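Notes to accompany the following structure.
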Ligand SMILES: Nc1nc2c(ncn2[C@@H]2O[C@H](COP(=O)(O)OP(=O)(O)O)[C@@H](O)[C@H]2O)c(=O)[nH]1
Ligand SMILES: [Mg+2]
């Protein structure tokens with residue numbers, strides 16, 4: 001899943017990390033004169049992180065009231081600092097450790113803006129190539145840049161982690177838009193909870209409804225399937241087969257009848273039989289299908305569902321992103337389910353849709369079995385993308 005995107009993100013992390021340099025902060029410089037053990041320890045770490053390139057000249061260039069002091073400390077071994085605070089070194093181990101931690105935290109890790117520009121350009125190219133929406137790509141790049149350039153970063157982790165963390169934060173901000181606790185919302189809602197599914201033909205709406213029925217079952221929630229796809233021949237049979245497999249009740253009317261009426265009947269059935277969730281399938285439609293969009297508005301008016309979920313396939317990439325935007329403008333959706341993530345190497349839709357619609361991705365479909373449905377957890381997604 002999303003291998004191409006993973007490669008591009010990790011290449012950026014690795015390439016950009018190579019250009020990161022560590023500057024000794026003035027505070028560390030001044031303390032340099034104080035204690036041998038701390039001094040060598042600090043230098044060792046800096047050497048580790050810069051492959052031996054301790055950039056002392058640049059450290060002098062950094063804005064600092066004590067630059068002169070720092071230079072003095074560096075150039076004049078007999079600086080009086082050493083005499084002023086010898087007590088610090090003679091103190092017990094606790095104090096010495098605190099000092100050490102403080103020193104460790106005062107280094108600056110800096111990346112040259114021009115170097116970063118060229119890496120960001122590569123990243124931009126990679127993200128767009130993975131079907132990440134343009135505006136979302138820009139948002140990610142801005143986030144990374146903001147995190148890395150001109151920032152004094154505490155040298156608490158390796159430089160590789162620093163780039164990765166900047167990328168992690170930036171990606172997370174983009175894909176976590178609108179997230180809410182889906183399970184909790186369903187558990188706490190008045191029953192029956194009514195969820196309507198919409199989207200174009202063949203993306204996996206009907207399959208996803210069956211998977212969700214199974215998902216709810218595992219959480220101790222009963223469900224009824226309503227076949228609001230009265231448009232397509234064979235739709236009843238398809239959903240009936242799933243209902244059979246799952247041992248779930250299905251409500252359907254004959255082809256060509258009013259989908260709002262089917263879903264209404266399912267809601268009545270749920271109320272009469274203490275069923276927790278009504279899953280309402282609908283015919284595949286484009287946001288430009290006036291007749292079918294009117295049907296959707298009618299379902300909205302008659303049923304007033306608790307949630308309307310837009311379903312699309314991850315493999316459709318940029319097309320899925322555009323459809324999500326258009327559906328969200330045409331009808332009010334509460335979230336997206338992205339199917340066929342198992343077949344998607346790009347991941348652009350998964351990265352972009354939340355940001356573009358302002359509504360969360362709720363689940364990923366990851367295969368053709370009933371179990372192949374995963375909650376979309378932004379943190380886990382980012383972790384898996386960044387390895
Ligand atoms: N690989 C894969 N195939 C899926 C997934 N979800 C649905 N499908 C397949 O996509 C095809 C269309 O699904 P269907 O539910 O009929 O789409 P609908 O027209 O939107 O109702 C079927 O062959 C499904 O098995 C998924 O997450 N992964
Ligand atoms: Mg269908």
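Would you calculate the separation in nanometres between label points at residue 138 and residue 219, each defined as 7 Å from the Cα along the Cα-to-beta-carbon direction?
Calculated label separation equals 3.7 nm.
Note the full-extension length gain between residue 319 and residue 15 as 0.36 nm times their separation in residues minus their Cα-Cα distance, in nm to one decimal.
Full extension from residue 319 to residue 15 adds 106.4 nm.
What is the extension gain from residue 258 to residue 187, computed as 0.36 nm multiplied by their sequence separation minus the C-alpha to C-alpha distance, in nm to one decimal?
22.6 nm
Show me 311-318, 272-279 ranked by packing, highest mean number of other Cβ atoms within 10 Å first.
Numbers: 311-318: 23.1, 272-279: 18.4.
Peptide ranking by packing, descending: 311-318, 272-279.
Roughly speaking, what is the stretch gain from residue 237 to residue 386, that is 0.36 nm per residue apart minus the C-alpha to C-alpha distance, in nm to one decimal?
In short, 49.4 nm is gained.
Compute the distance from the alpha-carbon center of region 162-223 to that of region 299-328, in whole Å.
About 13 Å separates the Cα centre of region 162-223 from the one of region 299-328.
Calculated FRET efficiency, residue 165 and residue 122, Cβ-Cβ r, R0 22 Å, to nearest 0.05?
The calculated FRET efficiency here is 0.70.
Rank-order 334-344, 241-251 by packing density, defined as the average count of other C-beta atoms within 10 Å over each peptide's residues, highest first. Write out the running numbers ahead of the final one.
Numbers: 334-344: 23.4, 241-251: 16.5.
Taking the mean over residues of other Cβ atoms within 10 Å, the ranking is 334-344, 241-251.
When the label point is put 7 Å from the Cα of residue 274 along its Cα-to-beta-carbon vector, which residues of region 175-209 have a backbone N closer than 19 Å?
Once the point is set 7 Å along Cα→Cβ of residue 274, 187-194 turn out to lie under 19 Å by backbone N, inside region 175-209.
Mind ordering 190-199, 294-303 by average Cβ neighbours within 10 Å, highest first?
Put in order of decreasing packing, that is 190-199, 294-303.
Each value in this text was obtained by applying a stated rule to the coordinates, not by laboratory testing. Bear in mind that the values here come from a model prediction, so they are computed numbers and not experimental data. All Cβ positions, even for glycine, are placed from backbone atoms using ideal geometry, and neighbour counts span all protein chains on display.
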